[in-house]
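First up is the structure itself, then whatever we jot down about it.
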Amino acid sequence: MNLPATILVGLQWGDEGKGRVADWLAAESQIVARYAGGDNAGHTVYVGTRVYKLHLIPSGILQPGVICILGNGMVINPVNLVREIDELTTAGVDITPKRLWISSKAHIITPAHIALDKASEKARGKDAIGTTLRGIGPAYLDKTGRQGIRAGAMLDPEAFGDSLMEQVERANVQVLAAGLDPHAAAAEYVEAARRLRDYIRDTVVSINALLDAGQRALCEGAQGTMLDIDHGDYPFVTSSSSTVGGALIGLGIGAKHVDRVVGVAKAFSTRVGAGPFPTELNDEIGDRLRGTGENFWDEYGTTTGRPRRTGWLDLVVLRYACMVNGVTELVLTKLDILSEFETLKIAHHYSGVDVYDPPSDPSQIVPPTYTDYPGWMEDIGGVRQWDALPENARRYIDAIQAALGVPINTVSVGPERDQLVHR
Ligand code: IMP
């Protein structure tokens, strides 16, 4: 039986290249739905000569005719969403309420949340998480504290403005230096609410109706498994469920619809923000993996511009992420970045007592044990056939596949839409 839903998850610390994989899978879907997070995410998709940086709108919007959903599990900054809609519209992307739906149950990020995020990070001092300062944590805190404002409230912009003003006034009391202007904030948000009103609906009912009718949905994740609120290295995580379970909750669909879980992993590791990173390289190899920042695919945050930390591939993390998500296939991205390294290293386990699973207490992480793999000394950006990949590149991929027991049938060899190689 061909079931209609595919879930796409990041297997590392975010920035795995999910946007470009979503863009590929969207071509065979009628629906693309984001299920968690907010504009802390940054998905880069390169089409022709254009680079699209998406923060809230699913990457599927770049495939004509695909319906895109901002699911109930998301937290949405309406002002930034309007900006993103306008930027994409200017770039010629068709965005109308016919194909972009916002869940009435998604939660709203307000200026109060952004002020609280900044204050909380400042108060943590050297123990700061290194959040994106987009108000994500405080917005989810208000959601679970049952005092959040949902997107459905925007259907009545005036009442929405009043609720927002109250929340901003509260933040001014909680954060003495916040100095927010409740009236200005409300005016800006009411304007955004008027713009977004027609996009809001009960997406849970709509997506289930489409799935029941046999339409194919791609559930597009943000962040990655090691940033998941339950399964990542707490407390250096985001505040939502970025793993596969988050897709079911964050869209309101049942497991019976799902037949495919595509995990995305970079061919090496990166992390932005604080927290454990066992295979981190603080040397010239790490710098080489990061790139100079001149190219948009270099390792600098799409949302914050911060340089990402870089390191070798960590199979302890990947094995765990494949288990937690029940990954049925893995896409390996940025293989081209590993070209022209004499030797590549993969951490199959951590040292000492042969640790094969990430310890739940990050302070107990021990140094990795590496296995060396011979590199390939040629550019692979032009490769389109699996057999044309250098033998050592195929060996590197097959070693990962064998260690994880999960098929790897697709790799990316560059940022462009067609730079995907299928086995
Ligand atoms: P927050 O989601 O802004 O609260 O940030 C919490 C942690 O998750 C920080 O370490 C961020 O750098 C990280 N993070 C959040 N979103 C992303 C993402 O899309 N890619 C990579 N890291 C992210």
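The values are calculated or read from the model by the stated rules, or taken from the named source; none is laboratory data. Owing to the predicted nature of the structure, the values given are computational and were not obtained by experimental measurement. Ideal geometry is used to build each Cβ from the backbone, glycine not excepted, and the neighbour counts take in all protein chains shown. Areas reflect the complete protein model, heavy atoms only, side chains present, ligands, DNA and RNA absent. Shrake-Rupley method; radii C 1.70, N 1.55, O 1.52, S 1.80 Å.
Structural remarks
- Members of the stretch 50-81 that are open to solvent by less than 20 Å² (accessible area, probe 1.4 Å) and among the hydrophobic types (A, V, I, L, M, F, W, C): L54, L56, I57, I61, V66, C68, I69, L70, M74, V75, I76, L81
- Hits in the stretch 357-376 (condition: touching a strand residue (DSSP E or B) at 6+ places or on another chain (Cβ under 7 Å), open to solvent by less than 60 Å² (accessible area, probe 1.4 Å), of a type outside the set (S, T, Y) and not in a loop (DSSP other than H, G, I, E, B)): P368
- Single unsatisfied condition, A193 versus (1) in contact with an Asp or Glu (Cβ under 9 Å, 6 or more places away or on another chain); (2) closer than 25 Å to K334 by Cα: (2)
- The one condition from (1) away from the ligand (no atom under 16 Å from the Cβ); (2) touching a Phe, Trp or Tyr at 6+ places or on another chain (Cβ under 9 Å) that E188 does not meet is (2).
- Residue selection: P390 satisfies the criterion of being more than 20 Å from R271 (Cβ to Cβ) and not assigned by TED's automatic domain parsing to the domain that holds T132.
- When the stretch 34-60 is filtered for residues that are within 15 Å of R83 (Cα to Cα) and of a type in the set (V, I, T), only I57 remains.
- Within the stretch 13-47, being open to solvent by 10 Å² or more (accessible area, probe 1.4 Å) and free of Cβ contacts under 8 Å to residues at least 60 places away in the same chain holds for one residue alone: A27.
- Filtered by the rule that a residue be in contact with a strand residue (DSSP E or B) (Cβ under 7 Å, 6 or more places away or on another chain) and not in a helix (DSSP H, G or I), the stretch 279-305 gives T279, E280, L281, G293, F296, E299, Y300, T302.
- The one condition in (1) in contact with a Pro (Cβ under 8 Å, 6 or more places away or on another chain); (2) at pLDDT 95 or above that V237 fails to fulfil: (1)
- Residue pairs whose Cβ atoms lie under 6 Å apart, separated by 6 or more positions or on different chains, with the first residue in the stretch 105-132 and within 26 Å of R197 (Cα to Cα) and in contact (Cβ under 8 Å) with a residue 12 or more places away in the chain and the second within 14 Å of the ligand (Cβ to nearest atom) and open to solvent by 40 Å² or more (accessible area, probe 1.4 Å), are H107/K143.
- Scanning the stretch 93-104 for residues that are open to solvent by 30 Å² or more (accessible area, probe 1.4 Å) and without any contact (Cβ under 8 Å) to a residue 40 or more places away in the chain yields D94, T96, K98.
- Residue tally, condition open to solvent by 30 Å² or more (accessible area, probe 1.4 Å), of a type in the set (S, T, N, Q) and either in contact with a helix residue (DSSP H, G or I) (Cβ under 7 Å, 6 or more places away or on another chain) or within 20 Å of Q174 (Cα to Cα) (or both), over the stretch 105-133: 2
- R170 charged (D, E, K, R), touching a residue at least 40 places away in the same chain (Cβ under 8 Å) and part of a helix (DSSP H, G or I): yes
Conditions tested, residue by residue: (1) under 24 Å from the mean Cα position of the chain (by Cα); (2) within 19 Å of A403 (Cα to Cα).
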position	(1), (2)
E284	no, no
L289	yes, no
L318	yes, yes
C322	yes, yes
L335	yes, yes
V355	no, yes
Q364	no, no
P368	no, yes
D372	no, yes
